[in-house]
1. Has the range 293-310 got at least one residue that is open to solvent by less than 30 Å² (accessible area, probe 1.4 Å) and assigned to a loop (DSSP other than H, G, I, E, B)?
2. Does Lys483 satisfy the condition of being of a type in the set (Lys, Arg), assigned to a helix (DSSP H, G or I) and open to solvent by 10 Å² or more (accessible area, probe 1.4 Å)?
3. Hey, any hits in the range 241-254 for a residue that's among the basic types (Lys, Arg), more than 30 Å from Asn1267 (Cβ to Cβ), surrounded by fewer than 20 Cβ atoms within 10 Å (Cβ to Cβ) and at pLDDT 90 or above?
4. Give the range 829-872 a look and list any residue that's assigned to a loop (DSSP other than H, G, I, E, B), within 22 Å of Tyr769 (Cα to Cα) and touching a residue at least 60 places away in the same chain (Cβ under 8 Å), or say none.
5. Give me the residue from the range 85-102 that is crowded, with 18+ Cβ neighbours inside 10 Å and not polar (S, T, N, Q) and, out of that set, farthest from Cys169 (Cα to Cα).
6. Tell me the residue from Tyr561, Tyr536 that is at pLDDT 85 or above and within 30 Å of Val1069 (Cα to Cα), please.
7. Can you find a residue that is in contact with a Pro (Cβ under 9 Å, 6 or more places away or on another chain) and either under 24 Å from Leu1179 (Cα atoms) or crowded, with 23+ Cβ neighbours inside 10 Å (or both) anywhere in the range 1228-1250?
8. Among the residues that make up the range 528-551, is at least one of them free of Cβ contacts under 8 Å to residues at least 40 places away in the same chain, within 34 Å of the chain's Cα centre (by Cα) and in a helix (DSSP H, G or I)?
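The values are calculated or read from the model by the stated rules, or taken from the named source; none is laboratory data. A quick note: this is a predicted structure, and the numbers were derived from the prediction, not measured. For neighbour counting, all protein chains shown are included, and Cβ atoms are generated from backbone atoms with ideal geometry for every residue, glycine included. The area values use the complete protein model at the heavy-atom level, side chains included, leaving out ligands, DNA and RNA. Shrake-Rupley method; radii C 1.70, N 1.55, O 1.52, S 1.80 Å.
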Amino acid sequence: MALSFCGNDDSTAYSVDNGVLDNGCFVDALNLVPHVFLLFITFPILFIGWGSQSSKVQIHHNTWLHFPGHNLRWILTFTLLFVHVCEIAEGIVSNTQMESNHLHLFMPALMGFIAATTSVVYYHNIETANFPKLLLALFIYWILAFITKMIKLWKFAEASLGVQHLRFCITALLVVLYGLLMAVEINVIRVRKYVFFANPQRVKPPEDLQDLGVRFLQPFVNLLSKATYWWMNPLIIGAHKRPIELKKIGKLPIAMRALTNYLRLKDSYEEQRNTEDPEKSPSIWKSMYRAFGGSILLSSTFRYMADLLGFAGPLCISGIVEHLNNSTEIDKTNKTGNMTFGVYSTELLQNTSVLAVLLFLALVLQRTFLQASYYVTIETGINLRGALLAMIYNKILRLSTSNMSMGEMTLGQINNLVAIETNQLMWFLFLCPNLWAMPVQIIMGVILLYYLLGDSALIGAGVILLLAPVQYLIATKLADTQKSTLDYSTDRLKKTSEILKGIKLLKLYAWENIFCDRVEETRGKELTSLKTFALYTSMSIFLNAAIPIAAVLATFVTHAYIEEVRLSPAKAFASLALFHILVTPLFLLSTVVRFAVKALVSVQKLSEFLQSDEIGDDSWRNGDMSMPLEVGKKYKYQGDTKAINRKGRYRMDNYEQPMRRQLRPTETEDVAVQVNDGFFTWGSNLSTLSDINIRIPTGQLTMIVGQVGCGKSSLLLAMLGEMQTISGKVFWSNKNRYSVAYATQKSWLLNATVEENITFGSPFNKQRYKAVIDACSLQPDIDLLPFGDQTEIGERGINLSGGQRQRICVARALYQNTNIVFLDDPFSALDIHLSDHLMQEGILKFLQDDKRTLVLVTHKLQYLIHADWIIAMKDGSVLREGTLKDIQTHDVELYEHWKTLMNRHDQELEKETELESQTTLERKNLRRAFYSREAKSQIDDEDEEEEVEEDEDDNMSTTTSRRSKIPWKMCCRYLSSGGFLMVFLMVASKLAKHSVMVAIDYWLAAWTSSNPLNPIVADSFVNATNYTKNYDATQIAEHRSYVPVFIILCGAAIALCLITSLTVEFLGVAAATNLHHDLLNKIIHAPIRFFDVTPLGQILNRFSADTNIIDQHIPPTLESLTRSTLLCLSAIGVIASVTPAFLIALVPLAVAFYFIQKYFRVASKDLQDLDDSTQLPLLCHFSETAEGLTTIRAFRHEARFKQRMLELTDTNNTAYLFLSAANRWLEVRTDYLGAVIVLTAAVAAIWTSSQSGQVGLGLTYALTVTNYLNWVVRNLADLEVQMAAVKKVNSFLSTESENYEGSMDVSQVPEDWPQHGEIKIHDLCVRYDSLLKPVLKHVNAHINPGQKVGICGRTGSGKSSLSLAFFNMVDVFEGKIVIDGIDICKLPLQTLRSRLSIILQDPVLFSGSIRLNLDPECTCTDDRLWEALEIAQLKNMVKALPGGLDAVVTEGGENFSVGQRQLFCLARAFVRKSSILIMDEATASIDMATENILQKVVMTAFADRTVVTIAHRVHTILTADLVIVMKRGSIMEYGKPEILMEQEDSLFASFVKADM
C-alpha cells in the first residue's frame, strides 16, 4: 500500500487504543470534514448560479454592493491561502523523510487550499448577485474549520510541541485566521440582519453605481480585481474592434471629480486662515497634506512593502544556489511514535523547491504592491490637479481688473499656472513616495550586501554613491539645455510661419531660398543645442548602465584580494541581483529631487497668485442686498457692504442663472444707475475718474462722448464695479442689477459656434435670434462660413476680421434679455453703412422697442441727435450732463465744437461711399480663405485618408489588423534618414555590448564555481582554518587568475555602454536634421496650389509638434526599446542555455505576451489621443476666461463658466486616469508573466540539477526580465504614437516641386532682359490644377512697350489668374506668353521671377529690418533704397525712425498702418528696376489721399515702363492707355477707355456708372 492515508511504517498507524483523538492521523482526517462539506454545498449553487448568469454575461454594475468587511475578508482569505501553501510544503517535506508515503501529512492541507479558494469565489458570486442568505454556508464552514483546527492545536500542545516546531506555528495561525473569518461573517449578519432577524436591512448601492455613465470602476470592484485591473479587460480588448471614444470612458466617480477635491483642498486651505494672524498666507503644502495626506501614506505603505519584498529575490536565489548541490540526506530518526513532530522552519527553507515557490509568491506580491502604490499616487495626483485647477479658476474669476490691465498677472502667467505648474505638482505627487522609500531601499540593500560580502561590498556601494551626484548634475544640465532648445525652436517657428504666410510674395519675387536660409540658420542653432541635449542624455543613459558594472567590478576584485574566503556562486549572484536592485532608485533619485525642486517653485508661484488682489465685494455682487429707491429723496444706503462673512466669498457659487426679467408694469423709478461723488482708480491710488456725479435714466438711450482716453470706458467699468472705489457710491435700482449685457471695445469671442457666441447661455429663441442677426447685418457673413452659424469661431476656429468679431459681440449684448445694455464703442471697427444700419435697426428699433436702458459710448457724434441723455467727458471727469437741448442752450461752445466735428464727418462719409466698403473687403477675404480650403474640408489631420478606407471595408478584421500593426515602414524611413553608417554602428555596438554583459556574468559563474582541489572545499573552507593555510598560495593564485579577464571584460562593457548611448542619440540628431531639411525644402518649393489646398495650421503643425517629437522624443524611446528588448532576449537566451527544458515553457508564455502587448498598444494609443484632445479645450477655456473677465462678470455668468471648467477638467482627468489604469493593467500582467518565467527557470534548474554557478546566472537574468518586459511594451506603444509624426512629415515629402529648371539655359537669356517690356499673349489657357476647370480660356492680347494697361472685371473673372500667369505660377497648358521675344514657360523660374516686379493686393512685410524687406538679397546701395522710399512717399517717415533703413519691422509689419505697409510694397517694386510692373489691386486698402499720390507716382516714375494694373475700382484705370475687360476667364472688351466709355452698352461703361 504505497499511498496509504496514514502511512504503513508500523502497525500502530491505524490503532485508536489510546483514545480516538490521540491518533494524529485521525485528527488529520477529522480536519478534512469541513472542507469536503463546503465543497459539497457550494459547487451545486455555483454551477446553478453560473448557468443562469451566462445569459447576462456582463453583470449589471449597479448590483456590485460590498458586504461589510469586504476588503478584510479578501485579505484574510489570501493570508489563509498562503498559510495553506506553507502547510502543504511542510507536509510534503516531512513526507520525504518517512519510509512510506503519509498522505495525512499534506492531503487535508491541500483540501483546505481548495476550499479556501472556493469560499472566495462563492462569496464573490453571492455579493454580485446581492443574495446574502447563502452566506450561511460559509458561516457554518468557518465554525467547523475553527473547531477541528482547535482540536489539532490542543493535541499538539499536549504532546508538548512548541513554537520552535513549524507545524505548531502553522496550526496556530490557521486557528487565528478561521476565528477572524468567523468574526467577519458574524459582523455581516449583525449589519445586514439577513438571518435570525425579523426585518433584514435594505441597502442601496452607492450613488456612482446607479449612474450608468460612470465607467471607471476601480473603487467599486473587489480586491482581486483592484489588484489586477481585471475590470479593464472589456475596455482594452474591445478597443481592438472599435476605437475607444469619450462615450466609452464615461464620467468620473464622485469622489474623483474636480469639485469634490476642490472642496477638500479649499477647506484645508481656509482652515489655516482663521487661526493666527489673518495676514499670514495659508501654506499650500499644508493644505495639500491635509487634503491628500492619507492617500500618500497608503501609497507609501504599499511602496515599503514592495521594496522589502524585492529583497526576497536575491536571498531566494542565494538559497537555491547554495542548497542545490548539498541537499544532504537528513537522517530519518526524528519520528516519535505516530505523532510526527514535522520539520523545523530552517530545514524547510533549505528545500530548493520550496524556495522556488516562495520566490514566485514574493515576486507576485511585490509587483502587486508596487503597482498598487503607483496607482494610488497617480489617482491622488490627478485629484490634486483637478482641485488646483478649480482653485485657480475660481481665483481668475475674482481677479481684480486692474491686476490684469496693470500687468501684474499676464495671460501668459495664468496659462503657465494652468499648463505647467499644476502638472509639475501632479508629477511631484506621482514621484514623492520615492523620496522616502528610496533611501530606505538603498540602506537595506547596502546592509544585505555587507552581510553577503563583508567589507568589499562597501567599496561597491561607495562607487554607486559617488556617481549619484554626477547624475544629478547631468539631470539639471539636461533641463537647462531643453530650455534653450525651446527658445530656438520658437524662433524658428516664427520665421517659418512668416514664410508660409508670405509664400506667394516670396515666390513671385524669387526670394524663397533667401528666406529658407534664414530658417536653416536658426535651425542650425537649435540643432547645436539639440546636440548638447543628446550628449547629456547619452551621458545619463551611459551612467545608468555603467554604474552597476563598475560597482560589481570594484566589489568582486577587492573581494578577491581582501577576503580570505573564496566567493561562492550563491553569494556572487545574490550580490549581483542586489546591485541591479540598487541602481534603479539611485538613477531615479536624481529625477525625483529635480521634481521636488520644481514643485517648490510651482507652489511659490501658486501661492503668490492665490494671494493677489481681488475685486471689491459690492453688495449686488452677492445679491444679498436689495436697495429700495424712494423716488425724489436722497438715497439712504442701508446695511454695510462689507458685512459679508469671509467664507461666503469662497463658496463654489451655486446661484442659479441670473433671473430673467418679467415684463414689468410701467416703472416709477426713472433712474437705473446713479453715481454720487465717485472717485475711482485702477489701483495706483491716482484716481482715474474723479468727482463723478451722473444718473442714467431708465429705459432711455444714454450716450457717453469725449476724446480718446478721457475715461469713457472706465466709467462703464466703474459702474460695473470693476474699478477700485476710493470714495463715493454706485447705486443700482433693485430691479436692475442681476445682469448687464455688456459689449467691450476689444471684441471677445468664445471658442464655440457663432450661435453659441450670440446666445451666450440664454435659451434659444428663433425669432429673436433672427432679429438680432439682421440688426447686426451678420447674415451675409454667416452665409460665407462653411457650416453657417454652426461654424466654430474663436482662437481655434476660423479667424474672422475685426468688424465681424465686433458685430458678433454686439449681437450677444442685444440678444441677452437684460434690463440694461452697455455698449462700449460698438462702431469702432465697422464701416459707415454697417454703423448706420446697426444704429437704426439694432439700437433704435430693437432695444428701444423693448424699453431697455441703454448706455452707449461712441465717437460718432452724428448719432447724438438720437440720444435721450448725453454725458460729455473730459480728462476723467464729467464735463456736461443733460439732453442735447440743454447742452445747446447752456454750453454753446461745446455744441459748436461738436458741429464742426460732425461736418468733417459728413465729408468723410461722402468719401467713404465712393470706396468699396471695408465690409465687402472683409467678406471677400473670408470667401478667399474658404475657397482655397474647399478642396480639403477643415480637417486638420492626415488620418482622413485612413478613416475613409476604414469606412469602405466595414468588415471588422481589416480594421483590426490595421490598428494593431506596428508601423515598420516608418521606422525604416526614420532610421534611413539617420544615415546607414549610424544605424550600422548602433546595431553593432548594441549587440556587442549585450554580448559582453552576458560574457561578464558567465565568467563570474565560471570563476565562482571553479573548485581547485576537491568538491567539499567550498563548504569546509569556513571551518577548516588549517586547511586554508596549507593550500593558501596555490589556491588563492588560482582564484585570482580569473581577475584580469574580469577587469578587461568590465572595461569593455563600460566603453561599449558609452558608444551605444552616443550612437543612438546622435542617430536621432542626424535623422532630425535630415527630416527637417527635406521638409522645409519640399514645402518652400511646392507649387502655390499646394498652399491653397493645405491649411496653414496643418503645415505649421509639421514644423512644430511633429518636428519636436522627432527631435526630442523618438531617440530616448528608441534607445529604451532596443535596450529592454535586447536585455529580455539575452536573459531568455542565457536561461535556455543553462536549462534547455525552459524553452518548452517559453512557448505558452510568448503567446500570452504577444496578445497582451497587441491589445494594450491599440488601447493605449486611443487613450493617449483622448488625453491629448481633451487637454486643449481645457487650456483654451482658461485663457478665454482670463481674457473675457469683465464681460463674464457683467453678464453674471460666473457659475456657468465654472460648471464648464469642471466638466472639461473631469473629462480630461477621466482620460488620463484610464490611460494610467491601462498602464497598470499592462504592467501587472507583464510582471506576473515575469514571475512565471522566474518560477519555470528555477523549477527547470532544480529538476535538471545543473551546475550551481550557472543556475545562479540563469536566475539572476530571469529576475531582470520582470523589470524589462513591461518596458518593451510601453516603449513599443510610445514609439508607435511617435512614428505617426514621421508619417505625417513623410506625407509632405512626397509633394511635387515646381519645375525650377526650365528648358532654356540661363546663359542664353540676355543680361538686361526684358529691355523693352513688350508682352504678347497667344491663345492662353490656364488652370490651377490638372484636375480643375481652366480659369483663363484662349486669351489673346498684345501690349506695347511702355503702355499703361488696366484690367477690370467682376470677382472671379480671372484678373488675378492672369497676373499669376506672367510669373508662371499657374499651369499654362495651352498657348504662351512671350515677353521681349522669349517664351516665359521655357525660362528657369528663378530668372523669370527675378526680372519682373509685382505689387500684391495684401501687403506682406517680414520681421527684420526695413532694408531686409526692400532688398533681402543685399544687392542695392543705400541711395537706391532711399530713392525708392522717396518715390513711395515714405522717406520722411523712415528717417524719423530709430536706425533709419535698419529700423525694426515687427512680425507682419504690425508697427505700420495698412496703408504704410502697402507703400512699402510699392517701394519694394521700385527697388527692382524691371521694365514690367504688375499691380494686383494694389490700392484696395489705401485711403483716397494716398491713392492719388500713388497714381501720380506710377505715372511719373514708371513713365517708360510697362504697367499692368488689375483694378478693383474702375476710376483708377480711367487714365490708362488700354483697358481689358474680363468675364469668366475670357476677354470681353479690349480698347482705349475713352472709346469704351462712349459705347452705351459696353460692360466697361456699366462698371464706371456703378462705381460713381
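1. Quick first cut of the range 293-310, residues open to solvent by less than 30 Å² (accessible area, probe 1.4 Å) only: 293, 296, 299-300, 303, 306-307, 310.
Pick out the ones that are also assigned to a loop (DSSP other than H, G, I, E, B) and you get none.
No, there is no match, as no residue in the range 293-310 is open to solvent by less than 30 Å² (accessible area, probe 1.4 Å) and assigned to a loop (DSSP other than H, G, I, E, B).
2. Numbers: of a type in the set (Lys, Arg): yes; assigned to a helix (DSSP H, G or I): yes; open to solvent by 10 Å² or more (accessible area, probe 1.4 Å): yes.
Against the criterion (of a type in the set (Lys, Arg), assigned to a helix (DSSP H, G or I) and open to solvent by 10 Å² or more (accessible area, probe 1.4 Å)), Lys483 qualifies.
3. So in the range 241-254, the residues among the basic types (Lys, Arg) come out as 241-242, 247-248, 251.
Then keep just the ones that are more than 30 Å from Asn1267 (Cβ to Cβ); that gives 241-242, 247-248, 251.
Retained after the next criterion (residues that are surrounded by fewer than 20 Cβ atoms within 10 Å (Cβ to Cβ)): 241-242, 247-248, 251.
Those left that are additionally at pLDDT 90 or above: none.
Looking for residues that are among the basic types (Lys, Arg), more than 30 Å from Asn1267 (Cβ to Cβ), surrounded by fewer than 20 Cβ atoms within 10 Å (Cβ to Cβ) and at pLDDT 90 or above, one finds none in the range 241-254, hence no.
4. In the first step, residues of the range 829-872 are kept if they are assigned to a loop (DSSP other than H, G, I, E, B); the result is 829-831, 850-852, 858-860, 867-868.
Applying the additional criterion that residues be within 22 Å of Tyr769 (Cα to Cα) yields 830, 850-852.
Within the range 829-872, Leu830, Lys851, Arg852 qualify.
5. The extreme case among them is His102.
6. On the way: Tyr561 fails: within 30 Å of Val1069 (Cα to Cα).
Only one candidate qualifies: Tyr536.
7. yes
8. yes
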